[in-house]
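Trainee: Got a structure for you, written out below as structure tokens; questions coming shortly.
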Amino acid sequence: MVLLEKNDPHHLTKIFQDSYDTKIIIAKPNFKDFREFMAILRMASETDLVKRMFLCGPFASLNAHDILTEFPFVDGIVTSNQERVFKSLVSTDAIPNIPGFISLKSQGMVLQVPKLSLEEISYPARDIEAEERLGFVNLEFSRGCSYGCSFCHIPLANGNVVDFRSPIKVVNEIESLVQMGKSLFIFNDSC
């Protein structure tokens, strides 16, 4: 959103210029750009550019009921196990019954099934990072937080649960990233 000029009528063209044939949007709005974000998604839903639309992230998860009520063009909200859910969403037209939480507008229900641990998730695809000339890369050692700070959304979205990847897996991923030419590792963990 920050790369798009305000009130530019060509937003959709810019967003979809490198899109794939699946015609599925998986978007992560936040509280700062939510209204503008949803206006662009509404425009997209009114074209043949998009077949299905899903939201993810803490803001969407915490406001799932209100978002699905106010924006009926949103097909669902992925609230956890994003990697497994996203893969299923792009590989089938059906709403899959897979580990994770997804709020479904179309069926008026919230599907709740067991959550995957970080240990069960494979390493992320790094094809984009391999093409970049940058020396830094983002990675993840843990998800969640054991504290309950009143100003933070993490405990609200995930409870006070922390999930860790094994240090061996993290080091193995770093070693593969070094081979790719990366030298600065940014951990995007809550803690």
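The values are calculated or read from the model by the stated rules, or taken from the named source; none is laboratory data. Not measured: the values here are computed from a predicted model. Ideal geometry is used to build each Cβ from the backbone, glycine not excepted, and the neighbour counts take in all protein chains shown. Note: accessible area is taken over every heavy atom of the protein model, side chains too, but ligands, DNA and RNA are not part of it. Shrake-Rupley method; radii C 1.70, N 1.55, O 1.52, S 1.80 Å.
Trainee: Could you check segment 133-150 and list, in sequence order, the residues that are modelled with pLDDT of 85 or more, among the small types (Gly, Ala, Ser) and surrounded by 16 or more Cβ atoms within 10 Å (Cβ to Cβ)?
Mentor: Ser142
Trainee: Taking segment 117-127 on its own, how many of its residues are more than 20 Å from Ser190 (Cα to Cα), in a loop (DSSP other than H, G, I, E, B) and not small (Gly, Ala, Ser)?
Mentor: Count: 1.
Trainee: Something else about it: Could you tell me whether Val85 is under 20 Å from Ile154 (Cβ atoms), modelled with pLDDT under 80 and assigned to a helix (DSSP H, G or I)?
Mentor: Values: under 20 Å from Ile154 (Cβ atoms): yes; modelled with pLDDT under 80: yes; assigned to a helix (DSSP H, G or I): yes.
Against the criterion (under 20 Å from Ile154 (Cβ atoms), modelled with pLDDT under 80 and assigned to a helix (DSSP H, G or I)), Val85 qualifies.
Every residue, every condition in (1) touching a residue at least 60 places away in the same chain (Cβ under 8 Å); (2) loosely packed, with under 12 Cβ neighbours inside 10 Å, yes or no:
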position	(1), (2)
Ile154	yes, no
Asn160	no, yes
Pro167	no, yes
Val170	no, no
Ile174	no, no
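Trainee: Failed condition for Phe71, given (1) open to solvent by less than 40 Å² (accessible area, probe 1.4 Å); (2) aromatic (Phe, Trp, Tyr); (3) touching a residue at least 60 places away in the same chain (Cβ under 8 Å), with all others met?
Mentor: (3)
Trainee: Out of segment 141-169, which residues are in a helix (DSSP H, G or I) and either in contact with a strand residue (DSSP E or B) (Cβ under 7 Å, 6 or more places away or on another chain) or of a type outside the set (A, V, I, L, M) (or both)? Step through it out loud before you land on a result.
Mentor: First, the residues of segment 141-169 that are in a helix (DSSP H, G or I): 154-158, 167-169.
Result: Ile154, Pro155, Asn158, Pro167, Lys169.
Trainee: Can you tell me which condition Ala130 does not meet? The list is (1) under 22 Å from Cys56 (Cα atoms); (2) open to solvent by 40 Å² or more (accessible area, probe 1.4 Å); (3) in a helix (DSSP H, G or I), and all the others hold.
Mentor: Just one mismatch for Ala130, condition (1).
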